[in-house]
Structures are given as C-alpha cells and as structure tokens.
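One structure is given here, and the rest of the page talks about it.
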Amino acid sequence: MNLTEKQIKAEYIYKGKIINLRRDEALLPDGNTAVREVIEHLGGVCVVALTQENEIMLVKQFRYPYSEETLEIPAGKRDRKDEDPLECGKRELREETGATAQNYTFLGTLYPSPGYCGEIIWMYCATGLDFGELCPDDDEFLLVEKRPLDEVVSMILSGEITDAKTQAAVLKVKILKDGGKL
C-alpha cells in the first residue's frame, strides 16, 4: 500500500526567527484531501559530552513553553539550513559548557515530533574533553552540571529527565558504551 501524501497547496501563517508555520492541503493515498499544519525548523544538534570519569555534562535551564527548569545535554539549533550539524554541535558544546572535544561519534538523527514538525536533531557523543570558558547566547541562562552516566540513565528511567533528545542520546551512549562500541 502506498502511504505517500502529496502537497497540493501551501499557505504560510507565520514566519519567525526559529520556526515557520505552514498550512498545507495534502492529497491522501485514497484520493481524498486533508489539512496538514507543519512547523518548519532548521534542525538542531545535541551532544552527549562524556568525561574520562564517565560523567555527562548537563545543562539546567528554564524552558518557557513548560514554565519549568529542565536538565538536558548541550544542544542548539542550526544557524542556517546548510550549516554542518557536527560544526553546530561543536559550537553549542563550547558555548553551553566551555568544552571542546578531540573525538565525536555520530549517534544518528531524531525526529522529535514527526506528526507536525519537520525538525531533525543530529545526535553526537563527544569524548576527549578540554574545558574553557562558557559563552552562552545573550538570551540563554543556564547552569552546568556533571553527573555519572549511570545516574543520568536512572534519572531518565525514573522520569526525572523528560527531554526527548537527552533521553535518546544518553541511552544510545549507554548501550554503545556497555557493548564496547564507544
């Protein structure tokens, strides 16, 4: 069975700094049409920064849509559609934690909300860390913490860490590390 839906018409409802909102009319596989609301996003990168002591660098920050502080791995959006995800990840790691890494391992991509958003998150693990000064964006306020990998996994499993990209990337690192592939 063909599951492909085809865009018939697109109308931009909002164009912003981080996202665009589009309302499409789509042709369904059965010949009917449906309205699809789509958020366009340039995508982002997240980095599991793993120290020699098997600790993960985490950032605590206030997330406005949820009105709460969250604990996450360093991450950020690409500045341009053609920005290399690895270069973006290196920049975000340095800005948010002051760390640079000798080694980066690609962990795959994540579609955080594929029902309505076209965002793609590229995931990396960084090792061989060196530390310098934090240099967050002007509107970014965060605290940096180091936590043992196993503690972060427990926090994910208990529901204490709710961020999807952090859950996926950290659990991938744990499985790869335990399997001797990282």
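Scanning the range 144-163 for residues that are loosely packed, with under 15 Cβ neighbours inside 10 Å and in a helix (DSSP H, G or I) yields Asp150, Glu151, Ser154, Leu157, Ser158. Might you let me know whether the range 119-138 holds any residue that is part of a helix (DSSP H, G or I) and either within 21 Å of Glu87 (Cα to Cα) or touching a Phe, Trp or Tyr at 6+ places or on another chain (Cβ under 6 Å) (or both)? Among the residues of the range 119-138, not one is part of a helix (DSSP H, G or I) and either within 21 Å of Glu87 (Cα to Cα) or touching a Phe, Trp or Tyr at 6+ places or on another chain (Cβ under 6 Å) (or both), which makes the answer no.
In the range 34-41, is there at least one residue being touching a residue at least 24 places away in the same chain (Cβ under 8 Å) and on the phi > 0 side of the Ramachandran plot? For the range 34-41, residues touching a residue at least 24 places away in the same chain (Cβ under 8 Å) and on the phi > 0 side of the Ramachandran plot: absent. Annotation: of all residues in the range 125-143 being among the acidic types (Asp, Glu) and open to solvent by 40 Å² or more (accessible area, probe 1.4 Å), the one that is nearest to Ala169 (Cα to Cα) is Asp130. If you filter the range 90-116 down to residues that are hydrophobic (A, V, I, L, M, F, W, C) and either touching a Ser or Thr at 6+ places or on another chain (Cβ under 8 Å) or in a helix (DSSP H, G or I) (or both), you find that the one that is farthest from Ala126 (Cα to Cα) is Leu93. With respect to Ile120, determine if the residue is in contact (Cβ under 8 Å) with a residue 60 or more places away in the chain, of a type in the set (Val, Ile, Thr), surrounded by 18 or more Cβ atoms within 10 Å (Cβ to Cβ) and within 30 Å of Leu21 (Cα to Cα). Criteria not met by Ile120. Of all residues in the range 138-176, those satisfying the criterion of being in contact with a strand residue (DSSP E or B) (Cβ under 8 Å, 6 or more places away or on another chain) and among the charged types (D, E, K, R) are Glu140, Glu145, Lys146, Arg147, Glu160, Asp163, Lys165, Lys172. A single member of Val59, Val35 is crowded, with 17+ Cβ neighbours inside 10 Å and not basic (Lys, Arg), and it is Val59. Regarding the range 67-89, can at least one residue be identified that is in a strand (DSSP E or B) and exposed (fewer than 13 other Cβ atoms within 10 Å of the Cβ)? Yes, because at least one residue in the range 67-89 is in a strand (DSSP E or B) and exposed (fewer than 13 other Cβ atoms within 10 Å of the Cβ).
The values are calculated or read from the model by the stated rules, or taken from the named source; none is laboratory data. Everything quoted here is computed from the prediction, not taken from an experiment. Reconstructed Cβ throughout: ideal geometry from the backbone, glycine too, with neighbour counts over all protein chains shown. SASA here: full protein model, heavy atoms, side chains in, ligands and nucleic acids out. Shrake-Rupley method; radii C 1.70, N 1.55, O 1.52, S 1.80 Å.
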